[in-house]
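Written out below as structure tokens is the structure these notes cover.
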Amino acid sequence: MKPSPLKYHRPRSIEEACQILAGVDGKILAGGQSLIPMLSMRLAAPETLVDITGIDGLDGITSSADSGVTFQALATHAALASNGEARDTQPLLGRALNLVAHATSRNRGTTVGSIVHVDPSAEMPAVIRLLDGSVTVQSVRGRREIAAADLFLGPLESSLETDEIAISATVPA
């Protein structure tokens, strides 16, 4: 199958992405390893696709013993798994990331995307919940942090509002 017809946008800033997403039935495209198959099978049929891969500065990974590991929306599974500071700060991340799909998917797929996709068979939603992590989201209304305990409503269902974009996730050291 092929995706339903949709409008495609490639914003240059997170603020522009939020403006596009406000008031439409939309989905965010980052790595696409979960979303593209769903679009192709028509299990998801948004009217608008907002591709955030062109936004600079959304692929960072920071680690410290005090604040844990924070990884942004475009940080891939492979980048996070190979980050020595992140592995040292939270060893479970690296161990779990090596179990995600296969190397090709880890090179393209994003960890934040996997988390907010909430696939019950995926490793990373379980890991962030087990570690009592959180996800930071942004919309035209501003930013908010959602604890992992409050993020997951059911299989493939999160508590993100329809106009919110997950911009980062954090797990404690």
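Looking at Val135, Val112, which one is modelled with pLDDT of 95 or more and part of a strand (DSSP E or B)?
Residue meeting the stated conditions: Val135.
Could you pull out every one of the strands (runs of 3 or more DSSP E) wholly within region 12-70 that has 2 or more residues that are open to solvent by less than 50 Å² (accessible area, probe 1.4 Å) and under 30 Å from Asp132 (Cβ atoms)?
Answer list for region 12-70: 26-29, 61-64.
Have a look at Ala126, Ala101 and point out the one that is surrounded by fewer than 19 Cβ atoms within 10 Å (Cβ to Cβ), free of Cβ contacts under 8 Å to residues at least 60 places away in the same chain and over 27 Å from Cys18 (Cβ atoms).
Sole residue among the options that is surrounded by fewer than 19 Cβ atoms within 10 Å (Cβ to Cβ), free of Cβ contacts under 8 Å to residues at least 60 places away in the same chain and over 27 Å from Cys18 (Cβ atoms): Ala126.
Restricted to region 117-132, and to residues that are outside any helix (DSSP H, G or I) and at pLDDT below 95, which residue is nearest to Glu164 (Cα to Cα)?
Going through the qualifying residues, I end up with Val118.
Surrounded by fewer than 20 Cβ atoms within 10 Å (Cβ to Cβ) and within 26 Å of Leu43 (Cα to Cα), is that true of Glu85?
Here the answer is no, as Glu85 does not meet what is asked.
Could you list all residues from region 142-170 that are more than 14 Å from the chain's Cα centre (by Cα), touching a residue at least 40 places away in the same chain (Cβ under 8 Å) and either in a strand (DSSP E or B) or over 20 Å from Leu43 (Cβ atoms) (or both)?
Answer for region 142-170, where residues must be more than 14 Å from the chain's Cα centre (by Cα), touching a residue at least 40 places away in the same chain (Cβ under 8 Å) and either in a strand (DSSP E or B) or over 20 Å from Leu43 (Cβ atoms) (or both): just Asp163.
With respect to Leu74, determine if the residue is assigned to a helix (DSSP H, G or I) and within 22 Å of Ile165 (Cα to Cα).
Considered against the rule, which asks whether it is assigned to a helix (DSSP H, G or I) and within 22 Å of Ile165 (Cα to Cα), Leu74 comes out as no.
The values are calculated or read from the model by the stated rules, or taken from the named source; none is laboratory data. Just so we're clear, the structure is a prediction, and the values are computed from it rather than from any experiment. Backbone-built Cβ (ideal geometry, glycine too); neighbour counts: all protein chains shown. Keep in mind that these areas ignore ligands, DNA and RNA; they rest on the heavy atoms of the full protein, side chains included. Shrake-Rupley method; radii C 1.70, N 1.55, O 1.52, S 1.80 Å.
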